[in-house]
Amino acid sequence: MASENEKCTCSGTGIKELVLGGIIGGAIGASIALLFAPKSGAEMRKDLSVREIVDSGVDKVKQATTSLLHKDDEPFS
């Protein structure tokens with residue numbers, strides 16, 4: 001067992017190395033995802049378009065609101 005006076009000789013990783021590792025890992029993961037993507041670039045961009053996502057979300061909210069309003073009209077039994 002080590003005494004209290006002995007210092008750890010293991011090298012600590014700093015925040016710089018952690019960030020660099022995250023960036024490199026993200027780049028490798030993105031590259032692999034692009035290589036194995038089942039759709040072409042144009043199809044993928046269309047699927048990921050922000051406007052389409054927002055419109056889809058707005059439609060879902062409208063449907064939920066309409067559904068809740070119609071349930072309010074039903075008599076409670």
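Let me cross-check LEU48: its accessible surface, 1.4 Å probe, with only protein heavy atoms counted, in Å² to the nearest 10?
Accessible area of LEU48: about 110 Å².
Given R₀ = 30 Å, what would the calculated FRET efficiency be for ALA42 paired with LYS62, taking r from the Cβ atoms and rounding to 0.05?
Plugging the Cβ-Cβ distance into 1/(1 + (r/R0)^6) gives 0.55.
Measure off 7 Å from each Cα along the Cα-to-Cβ vector at VAL19 and ARG51, then give the distance between these two points in nanometres to one decimal.
A separation of 3.6 nm, rounded to one decimal place.
The values are calculated or read from the model by the stated rules, or taken from the named source; none is laboratory data. Source: prediction; values computed, not measured. Using ideal geometry, Cβ is built from the backbone for each residue, glycine included, and neighbour counts are taken over all protein chains shown. Surface areas here come from the heavy atoms of the whole protein model, side chains and all, with no ligands, DNA or RNA. Shrake-Rupley method; radii C 1.70, N 1.55, O 1.52, S 1.80 Å.
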